[in-house]
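The values are calculated or read from the model by the stated rules, or taken from the named source; none is laboratory data. Quantities reported herein were computed from a predicted structural model and do not represent experimental measurements. Backbone-built Cβ (ideal geometry, glycine too); neighbour counts: all protein chains shown. Areas reflect the complete protein model, heavy atoms only, side chains present, ligands, DNA and RNA absent. Shrake-Rupley method; radii C 1.70, N 1.55, O 1.52, S 1.80 Å.
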Amino acid sequence: MRAALVTLLCATAVLATGCGAVGFLGSDGGDPVRGKELFQQPTHDGQPGCGSCHVLADAGTTGTQGPDLDAHFSVVRDQGFDESTIRNVVRGQIAYPEETTAAGELGMPANIVTGQDARDVSVYVARCAGVPDCGVGD
């Protein structure tokens, strides 16, 4: 399971940064405080936001449909991946989500956040997923 997760994260990072699809996202590319706000809210068009599906302790969200970001990224951090890798993996997943899972279930919708909003959410998740006391927006 861990090996598969690491392989998925690495492949996503390569695809997201290597082909220039969304470009490399540096640490100064987003505002984590704004990202936290966006993560907790419904989207601009009123659809459920990130936190309605994903668990992220710092955001106070307990979604059950999407992956538990704390659980997944704490494993990744334990394996030595740094925040910049996580930031770019998250940005790639936002840009190119799997709208259906291998089991045919609904996955993450495309374009849930875009542009600067996507960068802000990516920076926030990278800083706080698996880090319960990350201190963003406190």
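Tabulated results
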| read-out | value |
| --- | --- |
| Accessible-area ranking of V90, V33, V55, largest first, probe 1.4 Å | V33, V55, V90 |
| L38 accessible area, 1.4 Å probe, all protein chains in place, Å² to nearest 10 | 10 Å² |
| P(r) of segment 56-138 over all Cα-Cα pairs, binned every 5 Å from zero, in whole percent | 3, 15, 23, 26, 22, 10, 2, 0 |
| Debye, to nearest 20: dipole size of segment 43-138, +1 on Lys, Arg Cβ, -1 on Asp, Glu Cβ | 200 debye |
| Cα pair count fraction exceeding 14 Å, expressed as % - segment 51-91 | 50 percent |
